[in-house]
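S.K.: Before I ask anything, let me first share the structure, which is written out below as structure tokens.
The values are calculated or read from the model by the stated rules, or taken from the named source; none is laboratory data. The structure presented is a predicted model; accordingly, all values stated were derived computationally and were not measured. Cβ placement follows ideal geometry from the backbone for every residue including glycine, while neighbour counts extend to all protein chains displayed. Accessible surface is based on the protein model in full, side chains and every heavy atom, while ligands, DNA and RNA are left aside. Shrake-Rupley method; radii C 1.70, N 1.55, O 1.52, S 1.80 Å.
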Amino acid sequence: MSEAKREQWSSRLVFILAATGSAVGLGNIWKFPYITGENGGGAFVLIYLCCIAAIGIPIMMAEIMLGRRGRHDPVTTMQNLAKESGHSRSWGLLGWMGVIAGFLILSYYSVIAGWAMAYVPKMALGAFNALDAKAVDNIFNTLVGNPWLLIVWHSLFLFLTMIVVARGVHGGLEKAVTYLMPMLFVLLLILLVYAMDSGYFLQGVSYLFNPDFSKITTEGVLTAMGHAFFTLSLGMGAIMVYGSYLPAHTSIAQASIVVAFMDTLVALLAGMIIFPVVFANGLEAGAGPGLIFKTLPLAFSHMNYGTFFGTLFFILIVFAAWTSSISLIEPAITWAMNNFNISRMKASIVAGVLVWFTGLLTVFSFNLASDFTISSTISTHYGEFVILKDATAFDLLDYLTANIMLPLGGLMIAIYAGWLMKQEYSRQELNISHFWYTIWTVLVRYIAPAMVIVVFLNAMGIVAFVRNVIG
Ligand code: PHE
């Protein structure tokens, strides 16, 4: 497709739906509850919320803005924008890092989405009926212990993703989102009513919202910040590419706030559902990536029409993951199409095959290669700084992308938009009042970069190291 004929979203609403479709996914329903559980609850949630407000929203505005002004794949967009404002073409590297991050995230995202798919027939056939926590745990462990099964589901999910990508993002999924997203929301509300009735609702909510800072570690802070980027699909060009299809004159600020709000709402709802169920069944909040797969079936098995709602719920998780996964690979596809001058179809096939192979690393992390782990700590006068502890290939990929690449990409986006882009351009693109423009500028110039840098340094033990030296 030549750039002159470049497609656009048919309306502002469609853009908001697509961006929300990208944002709301496994990050909200699968990842948020399990990392909250691993990091002790309330304090982690509070840091995550601060990151959404002070880093996420301003950077989302910046990323959409760069996308709309550049109107290309992330690499070309950054090169062209840099040229327009008289800076080095090496800014294209930012686009590059995004392409790679999206590719790596999709490789594990597809495997986890495969778990959710595997749960659909299980739910429908009543595999969890009248089971206790132990038995539900067994079903999950049997699934992830079987590499062949995981490969089948991973292949199926990736195939579905690549079909949509090959047809173009405007193909039909954008219409499906119009119905599926509200349905997901209604089902979350039904589950919420169940959680309220479980007798442990207050305990769950207090776990989620009552901050206990003694439970938070430096890597917990990094995880919370990384998750703010991950859950909003920021820092890797997905939102930039979606922004490149955005018609001029739609309000970027409004769209960003709506998307961030809905995304956060879904994550908090998921948390308010999962933790009461965890406590009601005496489960482990820090159970790791299997958390929702061990708790939700229990909730459904105790609920009226649980088989029906449970099946529907896992179907909706798959759809939520689907609308996110297409945006993960879209930067790579648009880049490959422009760079090698190949068709969307060809780019999708090649990308699909490469992602499939990379996904095997995650598949085997849960079975054959689960003992193959690495750890990394830095010890200082002020204590040990754990960077990675018994990390499998999956943990490593997750850490590298969510905790490092996305915040780094976001940092560069903030620096570019705040410091290097001509103010005349950003004013024109954002088109907000002087007051709000000033607030945005302060956030994107100072607050967001400072927060990202401090959290990075902190997690590397450098803050402690410096204190060590001067103290
Ligand atoms: N935001 C998605 C989720 O929460 C994941 C994602 C990350 C999608 C980065 C695109 C880019 O599941």
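S.K.: With respect to LEU298, is the statement that it is open to solvent by 20 Å² or more (accessible area, probe 1.4 Å) and part of a helix (DSSP H, G or I) true?
M.R.: Details: open to solvent by 20 Å² or more (accessible area, probe 1.4 Å): no; part of a helix (DSSP H, G or I): yes.
Spelling it out, it is not the case that LEU298 is open to solvent by 20 Å² or more (accessible area, probe 1.4 Å) and part of a helix (DSSP H, G or I).
S.K.: Next up: Sort through ILE100, ILE64, ILE151 and tell me the only one that's open to solvent by 10 Å² or more (accessible area, probe 1.4 Å), within 15 Å of the ligand (Cβ to nearest atom) and of a type in the set (A, V, I, L, M, F, W, C). Walk me through how you get there before you give the answer.
M.R.: Details: ILE64 fails: open to solvent by 10 Å² or more (accessible area, probe 1.4 Å); ILE151 fails: within 15 Å of the ligand (Cβ to nearest atom).
None of the other options fit; the residue is ILE100.
S.K.: Can you tell me which residues in the range 395-423 are β-branched (Val, Ile, Thr) and within 16 Å of the ligand (Cβ to nearest atom)? I'd like the intermediate steps shown before the answer.
M.R.: Initially, the range 395-423 is screened for residues β-branched (Val, Ile, Thr), giving 401, 404, 413, 415.
THR401, ILE404, ILE413 - these are the residues of the range 395-423 that are β-branched (Val, Ile, Thr) and within 16 Å of the ligand (Cβ to nearest atom).
S.K.: Would you be able to tell me the number of residues in the range 103-132 that are more than 16 Å from the ligand (Cβ to nearest atom), open to solvent by 40 Å² or more (accessible area, probe 1.4 Å) and under 25 Å from the mean Cα position of the chain (by Cα)?
M.R.: 0
S.K.: Does the range 236-244 contain at least one residue that is of a type in the set (Phe, Trp, Tyr), within 16 Å of the ligand (Cβ to nearest atom) and open to solvent by less than 10 Å² (accessible area, probe 1.4 Å)?
M.R.: Going through the range 236-244, the residues of a type in the set (Phe, Trp, Tyr) turn out to be 242.
Filter again for within 16 Å of the ligand (Cβ to nearest atom), leaving 242.
Right, trim to open to solvent by less than 10 Å² (accessible area, probe 1.4 Å) and you get 242.
Yes, the conditions are met somewhere in the range 236-244.
S.K.: Quick check on my filter: what residues within the range 246-258 are touching a residue at least 12 places away in the same chain (Cβ under 8 Å) and either within 15 Å of the ligand (Cβ to nearest atom) or part of a helix (DSSP H, G or I) (or both)?
M.R.: ILE252, ALA253, ALA255, SER256, ILE257, VAL258
So that you can scan it fast, the table gives a plain yes or no per residue for (1) surrounded by fewer than 16 Cβ atoms within 10 Å (Cβ to Cβ); (2) more than 28 Å from HIS72 (Cβ to Cβ):
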{"site": "ASN338", "(1), (2)": "no, no"}
{"site": "ILE342", "(1), (2)": "yes, no"}
{"site": "ILE349", "(1), (2)": "yes, no"}
{"site": "VAL353", "(1), (2)": "yes, no"}
{"site": "LEU368", "(1), (2)": "yes, yes"}
{"site": "THR377", "(1), (2)": "yes, yes"}
{"site": "MET405", "(1), (2)": "no, no"}
{"site": "MET412", "(1), (2)": "no, no"}
{"site": "TYR416", "(1), (2)": "no, no"}
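S.K.: Among the helices (runs of 4 or more DSSP H) lying completely within the range 136-236, list those that include at least 1 residues that are at pLDDT below 90. Lay out the reasoning, then the answer.
M.R.: Numbers: elements: 147-167, 173-196, 201-209, 218-231.
Of the helices (runs of 4 or more DSSP H) lying wholly inside the range 136-236, those with at least 1 residues that are at pLDDT below 90 span 147-167, 173-196, 218-231.
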